[in-house]
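Comments concern the structure below.
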Amino acid sequence: MLSDLYIPGASALHRMRPAWKLALLFLYCTALFVVSHSLMLGLGLLLIALGYGIAGLRPRHAFDAVRPALYVLVIIFAAQLWLEDLAMAAFVTLRLIALLMAAALVTYTTKASEFTDGILALLSRAPKWLPKDKIALAISLVWRFIPMIRDQFEEVREAQRARGIERSLLALVAPLVVRVLKSADEIAEAIEARSLD
Amino acid sequence: MIFDRVCVTKGSRRILSEISLSLTEKRIGVIGENGSGKSTFLRLFNGLQKPTSGTIRAEGWGDDLRRHVGFVFQNPDNQIVYPMVEEDLAFGLKSRKLSKAEIQTRIDEVLETLSIAHLRARLTHQLSGGEKQMVALAGVLVTRPDLIVFDEPTTLLDLPNKLRFMDMLAALPQPAVMVSHDLELLMGFDRILHIEGGTVFADGTPSEVIPAYRDRCLARAKG
Amino acid sequence: MTTRDIVLIALFAALTAVMAVFPPVTLPLLPVPITAQSLGIMLAGGILGAKRGALSIILLLVLVAIGLPLLSGGRGGLSVFFGPTAGFLAGWVAAAFTIGWMTEKFWDGLSFVSATLICVAGGIVVMYALGIPGISLMADVPLSKAFMGSVTFIPGDIVKALIAAAVMVTVKKSYPIIGQAA
């Protein structure tokens with residue numbers, strides 16, 4: 001099933017409203033870019049370290065936040081080193097790392113369901129022209145479909161493995177897309193059959 | 001339920017022509033080959049398919065067939081909308097503007113009736129095929145339909161699950177209309193409609209219609 | 001928007017998410033593996049059309065933003081929107097829209113060749129037109145350098161454009177979605 005990247009805890013950051021965390025995150029990122037100075041960056045990194053401490057997270061979690069971008073970060077570091085100097089390369093790369101860690105901090109301390117509830121609460125106050133029921137339905141449907149399509153993908157992969165062509169991306173994608181489209185009509189019908197709108 | 005000269009055409013193709021029927025039996029089976037129009041016929045019952053001409057009425061129901069007729073599909077995977085069983089059961093009720101307490105009572109009741117209370121908090125995608133079909137049926141029963149139509153509900157079930165499904169069907173108080181290729185299952189029904197070429201080819205008790213249908217298919221298969 | 005449109009949008013958001021776990025393909029001489037996910041972007045546009053295609057990618061990104069690890073390599077959460085490659089995520093939506101729009105325009109005569117060109121235009125030209133300035137901005141490097149850093153991915157994207165085009169043509173024959181009155 002789908003699991004989010006949330007790491008359980010009871011810290012002040014865990015308890016803070018998602019909207020506040022998002023606002024702080026945007027403030028933090030804007031500050032780092034507007035005041036482009038190493039003193040500001042130092043302060044920013046300190047704040048982040050403090051944040052991870054308060055939330056009871058480990059250095060491993062901070063590293064996990066940066067790791068997917070490692071390849072790009074190394075290239076950027078090398079490019080800066082070549083274009084400018086070591087100080088500039090370090091500054092630019094560290095600033096990106098600070099951003100990645102700050103954003104991950106919000107994700108680590110907020111459940112996906114808190115965000116979903118927040119979105120639904122926002123929607124309930126949204127203007128009339130917005131099809132809020134449909135947006136809410138679409139979000140639940142994706143939750144429901146991901147495991148279903150994952151299972152279908154495994155079936156297709158098995159069938160193609162039996163035929164010896166599992167390395168072909170086309171052989172995996174084409175049957176999967178056709179299956180997905182075939183089910184779309186019946187799912188839509190079933191939803192209509194069960195609801196009265 | 002009364003069908004009066006019902007026709008359905010899609011583009012220039014005529015799917016069903018001039019069907020007139022009066023349906024009062026409690027268990028009605030529908031048989032026919034693939035492409036005979038039986039699926040379209042079934043969709044007429046709850047308004048998923050609107051007749052091109054003709055009318056479908058039922059006493060005391062008014063125009064809104066969907067409020068009174070529940071639909072169970074062949075593949076429960078395509079019928080279950082929400083990731084969790086309980087949420088899914090609430091789905092059809094939300095659009096009926098019922099109170100939270102009423103929704104809860106109905107869900108409890110239906111889980112009890114089908115003896116699947118243990119599935120309440122399960123994730124729908126982790127259920128077995130038989131459990132999924134029960135949840136799909138529960139999702140329809142919570143809306144308390146006056147009639148339930150089934151589109152090949154046992155095709156994807158194994159034998160134990162099929163037998164369980166048949167028990168459950170026998171206990172259902174509502175009348176039911178079912179399309180099925182399972183002739184054995186339909187033998188216990190009150191009335192069978194054989195649809196072919198967009199019309200009702202034969203109409204009668206199972207012992208009248210089913211053997212003739214089997215012979216006809218056999219003869220055709222042998223050319 | 002009919003119920004069917006909502007279902008299609010959700011299905012392609014889910015399909016694109018699932019493509020993150022497809023086994024990555026490696027091409028000889030290339031340092032970067034090809035992941036299937038951007039194939040999902042091309043297909044969302046090329047099969048659903050501009051509006052539904054773009055909406056399904058937006059839906060996927062909303063779920064990523066709230067913390068689900070649905071991007072290739074198990075990435076997810078807000079950090080992907082604050083990382084150096086954030087421009088590419090905006091590029092995804094624009095690419096799905098462009099591919100969908102062009103597919104609708106050239107629907108009647110759509111062939112394997114024209115479908116490939118459409119996928120290259122949307123999935124490579126438009127995508128990189130947003131992605132590269134994104135890298136340049138976030139990493140403080142000139143555009144030309146950001147471009148140099150990205151070219152290694154282009155051959156893989158061409159392979160994906162070819163596959164997407166083949167699927168688009170197959171679907172046009174068997175399950176056309178765009179041609180129907182939308």
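The values are calculated or read from the model by the stated rules, or taken from the named source; none is laboratory data. Keep in mind it's a predicted model, so treat the numbers as computed, not measured. Using ideal geometry, Cβ is built from the backbone for each residue, glycine included, and neighbour counts are taken over all protein chains shown. Just so you know, the surface numbers come from the protein's heavy atoms only, side chains and all, with ligands and any DNA or RNA stripped out. Shrake-Rupley method; radii C 1.70, N 1.55, O 1.52, S 1.80 Å.
Modelling each spin label as a point 7 Å along the Cα-to-Cβ direction, I'd like the B:Arg5/B:Thr199 distance in nm, to one decimal.
Result: 1.5 nm between the two label points.
How big a patch of accessible area, both sides summed and in Å² to the nearest 100, lies buried between A and B at a 1.4 Å probe?
Approximately 2300 Å², summed over both chains.
Over chain B, what lengths in whole Å, largest first, do the semi-axes of the equivalent ellipsoid take, defined as the square roots of 5 times the eigenvalues of the alpha-carbon gyration tensor?
31, 21, 15
Would you mind checking A:Lys182/B:Lys26; A:Lys21/A:Lys132; C:Lys51/C:Lys173 for any pair whose Cα atoms are more than 29 angstrom apart?
A:Lys182/B:Lys26
Which percent, to the nearest 5, of DSSP beta bridges fully inside the protein assembly as shown are antiparallel?
Roughly 55 percent of the beta bridges in the protein assembly as shown run antiparallel, per DSSP.
Less than 11 Å from a label point 7 Å out along the Cα-to-Cβ axis of A:Tyr71: which backbone N atoms in region C:135-153 qualify, by residue?
C:152-153
So between B:Glu109 and B:Asp190, what do we pick up on full extension, going 0.36 nm a residue minus the alpha carbon distance?
Stretched fully, the B:Glu109-B:Asp190 segment lengthens by 26.3 nm.
What percent of all Cα-Cα pairs in region A:124-197 falls in each 5 Å bin, counting up from 0?
Using 5 Å bins, I get a P(r) of 3, 13, 17, 18, 14, 12, 9, 6, 4, 2, 1 for region A:124-197.
Using a 10 Å cut-off on Cβ atoms, rank the peptides C:146-155, B:124-133, C:107-116 from the highest mean neighbour count down.
Sorting C:146-155, B:124-133, C:107-116 by mean packing, highest first, produces B:124-133, C:146-155, C:107-116.
Could you work out the relative contact order of chain C, using alpha carbon pairs under 8 angstrom and six or more residues apart, expressed as a whole percent?
Rounded, it is 25 percent for chain C.
Short version: which residues of region A:94-129 lose at least 20 Å² of accessible area, all chains versus chain alone, 1.4 Å probe?
When all protein chains are present, A:Arg95, A:Leu96, A:Leu99, A:Leu100, A:Ala103, A:Thr107, A:Ala112, A:Phe115, A:Ile119 each give up 20 Å² or more of accessible surface.
For chain C, state the semi-axes of the equivalent ellipsoid (square roots of 5 times the eigenvalues of the alpha-carbon gyration tensor), sorted largest first and rounded to whole angstrom.
26, 19, 15
Can you tell me, using C-alpha contacts under 8 Å and at least 6 residues apart, the relative contact order of region B:133-194 as a whole percent?
Dividing the mean separation by the residue count of region B:133-194 yields 40 percent.
Which trypsin sites (Lys or Arg not before Pro) does region A:64-148 hold that lie in a coil by DSSP with at most 12 other beta carbons within 10 Å?
Those that pass, being in a loop and sparsely packed, are A:Arg125, A:Lys128.
Between C:Tyr175 and A:Arg125, what is the label-to-label distance in nm when each label sits 7 Å out along the Cα-to-Cβ direction?
4.0 nm
Kirkwood Rh, chain A, all Cα pairs: how many Å?
One over the average 1/r among Cα pairs gives 20.9 Å for chain A.
Which semi-axis lengths, in whole Å and largest first, follow from the square roots of five times the eigenvalues of the Cα gyration tensor of region A:27-85?
Its equivalent ellipsoid spans semi-axes of 23, 18, 9 Å.
Only Cα pairs under 8 Å and at least 6 apart count here; give the relative contact order of chain A as a rounded whole percent.
Contact order relative to length: 26 percent.
Over the whole of C:145-158, what's the average partner chain Cβ count within 10 Å per residue? Rounded to a whole number, please.
1
On alpha carbon coordinates alone, what is the Rg over Rh value for the protein assembly as shown, Rh being the Kirkwood radius?
Result: Rg/Rh = 1.03.
Helix-only mean residue ellipticity at 222 nm, the protein assembly as shown, DSSP H runs n ≥ 4 weighted -39,500 (n - 2.57), per residue, nearest 500. What is it?
-18500 deg cm²/dmol
What order, most packed first, do the peptides A:99-106, A:66-73, B:96-103, B:115-122 have when packing is the mean number of other Cβ atoms within 10 Å of each residue?
A:99-106, A:66-73, B:115-122, B:96-103
Compute the acute angle (0 to 90°) between the alpha-carbon long axis of helix A:86-108 and the principal axis of greatest extent of the alpha-carbon atoms of chain A; round to the nearest 10°.
Helix A:86-108 sits roughly 50 degrees off the main axis of chain A.
Per 5 Å bin from zero, what fraction in whole % of the C-alpha pairs of region B:6-48 is there, up to the bin with the longest pair?
Values per bin, smallest distances first: 5, 17, 29, 30, 13, 4, 1, 0.
Report the residues of region B:181-218 in range of a label on B:Glu33: point 7 Å along Cα→C-beta, backbone N strictly under 12 Å from it.
B:196-198, B:216-218
May I ask you to order A:47-57, C:160-170, A:10-20 by the average number of other C-beta atoms within 10 Å around their residues, highest value first?
The packing order, highest mean first, is C:160-170, A:47-57, A:10-20.
Taking a label point 7 Å from the Cα of A:Leu43 along the Cα→Cβ vector, which residues of region A:83-121 have an amide N closer than 17 Å to it?
Zone members listed by number: A:95, A:98-99.
Determine which lysines satisfy two conditions relative to C:Lys145: a Cα distance under 27 Å, and not lying fewer than 8 residues away in the same chain.
Candidates past the 8-residue exclusion: C:Lys160.
So how tilted is helix B:85-94 from the main axis of chain B? Cα-based, degrees 0 to 90, rounded to 10.
Roughly 70 degrees between the two axes.
Over every pair of different alpha-carbon atoms in region B:76-144, take the mean of 1/r and invert it; report that Kirkwood radius in Å.
One over the average 1/r among Cα pairs gives 11.7 Å for region B:76-144.
Provide a whole-number value for the mean count of partner chain Cβ atoms within 10 Å of the Cβ atoms in peptide C:39-49.
Average per residue, whole number: 1.
Quick one: of the DSSP bridges fully inside chain B, what percent are antiparallel, nearest 5?
Once the DSSP bridges in chain B are tallied, antiparallel ones form about 50 percent.
Using 0.36 nm per residue, how much length does the chain from C:Ile58 to C:Phe106 gain when fully extended, once their Cα-Cα distance is taken away?
Once the chain is fully extended between C:Ile58 and C:Phe106, it gains 14.9 nm.
Find the all-direction average of the projected area of the Cα convex hull for region C:45-88, expressing the result in square nanometres with one decimal place.
Here the figure is 3.3 nm², rounded to one decimal.
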